[in-house]
Every structure is written in structure tokens, then in C-alpha cells.
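The structure appears below as C-alpha cells.
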Amino acid sequence: MEGRPQMKIEAHRLTGCGVEYLHCAKCSRLMEIVDTIVLHSTDGANAMSSARYLARSDTSVSAHLVVARSGHVIQLLPFNVRAWHAGISEHKGRRGLNDFSVGIEIDNAGRLHRRGNRFFSWFNKEYPPGEVFTTVENGHAAYYHRYTNAQVGMVAGICALLRKRYLIRWLLRHSDVTFRKIDPGPAFPFDDVKYMSGF
């Protein structure tokens, strides 16, 4: 399957071809248990710019991984270190998912806006029609940036590795744990990723 990683988890880090590391010094607290994965979209221009933003010392957000559109992976934090990705969140009566979850950010521009026959992100980058996912919201067409097959395969493969290594019980979207967010959004094939990763 395209994008499936030939990787391992060693010392709480992904190892293998297509992984690079970007140090995020602001997070150092260890998690006592890791039993959940939360998937996000970056809503940014590209994977590296999003990873650098997440790693900056003056921001209040972070994540463990960023998955680029090519399937390339940037790891910012070891999987046993608490990241700041879920914010105010709850699942099955437990609050504060940062305390026991891995946060995976997927490079994607998010919701797009149509101008005539052209589609633009919130940061005014244009996307070709082949990268546009169309759905219906409140009786009107809504447009989102499509995810790539390489990303979907990579995310599924990583989730499968995490599931085995940490006995992960739940694979969730950010929108599943807070009403404040809609990511990774309707363009993300969540059911396919759950199936491919064994959840």
C-alpha cells in the first residue's frame, strides 16, 4: 500500500527512511500512560513550516509528529513526552487528553474558499481542482483540501505501530474530543485509516 512505512519505534521515536527530527525543547513532562492517538490537520502552507511553528518556544502548541503530503514524517517529541495538541478536551469521561495521547498533525490546508472556478486557502494559496474535496454543509457546497494517498497510508502505518508498541485503545480525531475544532475534517478518510491500522 502506498505510503506504508517500513519503520520501527525505538526509544519512543520513529526510525526508518523518510523520518527526520526537529527538536521541541518546550515540552519535557513524561506521560505515565499512552493509550490514545489524536489526529489533527495543520491548516498550514506546508509540513516544515507547521513543524517549525509547533516547535517554537513562544507558542503554546506542540505535537509529536507532522506528516507531509509526500508521506515524509517530522518528529518533534518522543512518544512518551506530553505534547500540547488537544487543548481543552474530553473522551469517555476523561479530560485533558494531552496527558495520555500521541498527537499527529497531518499537513493540509483545511477548508478552501471558492472564487469562480478557483479554490484558495485561508492564507490565499490557490489549489488545483484535483486537490479539492467537495461536500455539503447546511445545504451548501463546502470545499476542503484533499489528503494524499501517501499521507493516508503513512498515518495508518504509524497508528498501527503505535497501537502495538503502547497498547493504544483509541484512535480519535481532534473533532471527537472538543467542540471547538473540526479537524482533520470531512476530507480525511478516518474510517479507512481505522481499518488499515487495526482499530
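Residues checked against (1) more than 30 Å from Arg29 (Cβ to Cβ); (2) at pLDDT below 95; (3) in contact with a Cys (Cβ under 8 Å, 6 or more places away or on another chain); (4) not in a loop (DSSP other than H, G, I, E, B):
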residue	(1), (2), (3), (4)
His85	no, no, no, no
Glu105	no, no, no, yes
Ala141	yes, no, no, yes
Ala150	yes, no, no, yes
Gly153	yes, no, no, yes
Cys159	no, no, no, yes
Ser175	no, no, no, yes
Lys181	no, yes, no, no
Those residues of segment 94-116 that are of a type outside the set (Gly, Ala, Ser) and either buried (at least 18 other Cβ atoms within 10 Å of the Cβ) or closer than 21 Å to Met48 by Cα (or both) come to a total of 11
Only one of Arg29, Arg13 is more than 27 Å from Phe179 (Cα to Cα) and either within 15 Å of the chain's Cα centre (by Cα) or basic (Lys, Arg) (or both), namely Arg13
Of (1) assigned to a strand (DSSP E or B); (2) crowded, with 18+ Cβ neighbours inside 10 Å, Ala187 satisfies every one except (1)
Considering residues that are among the small types (Gly, Ala, Ser) and either in a helix (DSSP H, G or I) or more than 23 Å from Ser175 (Cβ to Cβ) (or both), the number found within segment 23-45 is 2
(Q) Can you say whether Phe119 is in a loop (DSSP other than H, G, I, E, B), over 19 Å from Ile37 (Cα atoms) and either more than 17 Å from the chain's Cα centre (by Cα) or hydroxyl-bearing (Ser, Thr, Tyr) (or both), as far as the supplied structure shows? (A) no
inquiry  = Condition check: in contact with a helix residue (DSSP H, G or I) (Cβ under 6 Å, 6 or more places away or on another chain) and touching a residue at least 40 places away in the same chain (Cβ under 8 Å). Does Arg111 satisfy that?
reply    = no
When Gly87 is run through (1) on the phi < 0 side of the Ramachandran plot; (2) in contact with a helix residue (DSSP H, G or I) (Cβ under 8 Å, 6 or more places away or on another chain); (3) touching a residue at least 40 places away in the same chain (Cβ under 8 Å), the failure sits at (1)
Query raised in the report: Condition test on Phe119, is it of a type outside the set (Ser, Thr, Tyr), under 22 Å from His23 (Cα atoms) and crowded, with 18+ Cβ neighbours inside 10 Å?
Result: no
Just one listed residue, out of Val81, Val61, Val38, is surrounded by fewer than 23 Cβ atoms within 10 Å (Cβ to Cβ) and closer than 23 Å to Phe179 by Cβ, and it is Val61
Going through segment 27-41 in order, the residues found to be touching a Gly at 6+ places or on another chain (Cβ under 8 Å) and among the hydroxyl-bearing types (Ser, Thr, Tyr) are Ser41
Of those in segment 46-66 that are assigned to a loop (DSSP other than H, G, I, E, B) and in contact with an Asp or Glu (Cβ under 9 Å, 6 or more places away or on another chain), the residue farthest from Asn98 (Cα to Cα) is Asn46
Going through segment 122-139 in order, the residues found to be aromatic (Phe, Trp, Tyr) and assigned to a loop (DSSP other than H, G, I, E, B) are Trp122, Phe123
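The values are calculated or read from the model by the stated rules, or taken from the named source; none is laboratory data. Here the structure is a predicted model, which is why all the values come from computation and not from measurement. Virtual Cβ from ideal backbone geometry, glycine too; neighbours counted across all protein chains shown.
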